[in-house]
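So the structure is just underneath, and the comments pick up after that.
The values are calculated or read from the model by the stated rules, or taken from the named source; none is laboratory data. Predicted model only: the values in this text are computed from it and were never measured. Positions of Cβ are generated from backbone atoms using ideal geometry, with glycine treated the same way; all protein chains shown enter the neighbour counts. Keep in mind that these areas ignore ligands, DNA and RNA; they rest on the heavy atoms of the full protein, side chains included. Shrake-Rupley method; radii C 1.70, N 1.55, O 1.52, S 1.80 Å.
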Amino acid sequence: MTGHRYSYSFEWRNLDPSEYQWLEALHARLIQGPFRLLNPMKKNRLSVQASTLVIAGTQGGITGNPGTYRYETDWPNAAGAGARSLRISTFGEEAFTRFDDAIPTPVLPDEEITVSLYLKGEAATSVELCLDWYGVSRQDYLSTSARYPVAVTTSWERFSFTITPPAGAGGAVLNFVNQDDTQPVRLAAPQIEPGDTATAFEVGGGSPVVLLDQLSGSSRIFPLTDCSLTLMEA
């Protein structure tokens, strides 16, 4: 890790010419990004900013329309380490709060993904959760999933749903929809992860946007290539 940005290093042995040429095309920008790394050591594919409830940002976070947000020193103990939640007060019906709207969370074909988050109301209320599906870019909107209704109480409770992306989907944006514009709701520990079960919450960063920083190769057995690749978090 360098400052607040991570670097990732990979090494391969005995790549055939077509495999190495593909890496060269990535490094030379012949294949256009942005590029995402699915980090097998981290499961929460939301950005660090979205998972820690940072308001808006070019590299991820929380956005809404319309609504007001403020942080509260209230956190669900069951979520593990943490100290603050996000209080959402919306104005008008169908007000959305969106997670990583600028850079959709990547998904793979035919995989199951599970969405989870903790919610708490100042009074009992109802909200809905859904996913907007995109293709290879934020401009490539495909569809919106069915909405999942949630009955929020005055105690912290974790809610989750599991879904398989539709054909052609490469990314998803989580939407929190407050149907009752009179009741604020507190939110904490959002997570999008592969699999059919909501596991323990962890800070996001499982699918960072990366830049191909360095690529080097050598040949011990011509025409096969040994190479090293370094990625930098954007």
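For the peptides 202-215, 8-21, 33-46, residues were scored by their other Cβ atoms within 10 Å and the scores averaged per peptide; the highest-first order is 202-215, 33-46, 8-21. Once you reduce the stretch 174-197 and the stretch 151-168 to the center of their Cα atoms, the two points are 7 Å from each other. The candidates 31, 103, 62, arranged from most to least accessible area with a 1.4 Å probe in the full protein assembly, appear as 31, 103, 62. Other residues with beta-carbon under 13 Å from the beta-carbon of residue 74 carry, at +1 per Lys or Arg and -1 per Asp or Glu, a net charge of +3. Shown here is the pair-distance distribution of the stretch 60-188: with all Cα-Cα distances grouped in 5 Å bins from zero up to the longest one, the shares run 2, 11, 20, 22, 20, 14, 8, 3, 0 percent.
With the biggest extent put first, the Cα atoms of the chain measure 70, 35, 30 Å across the principal axes.
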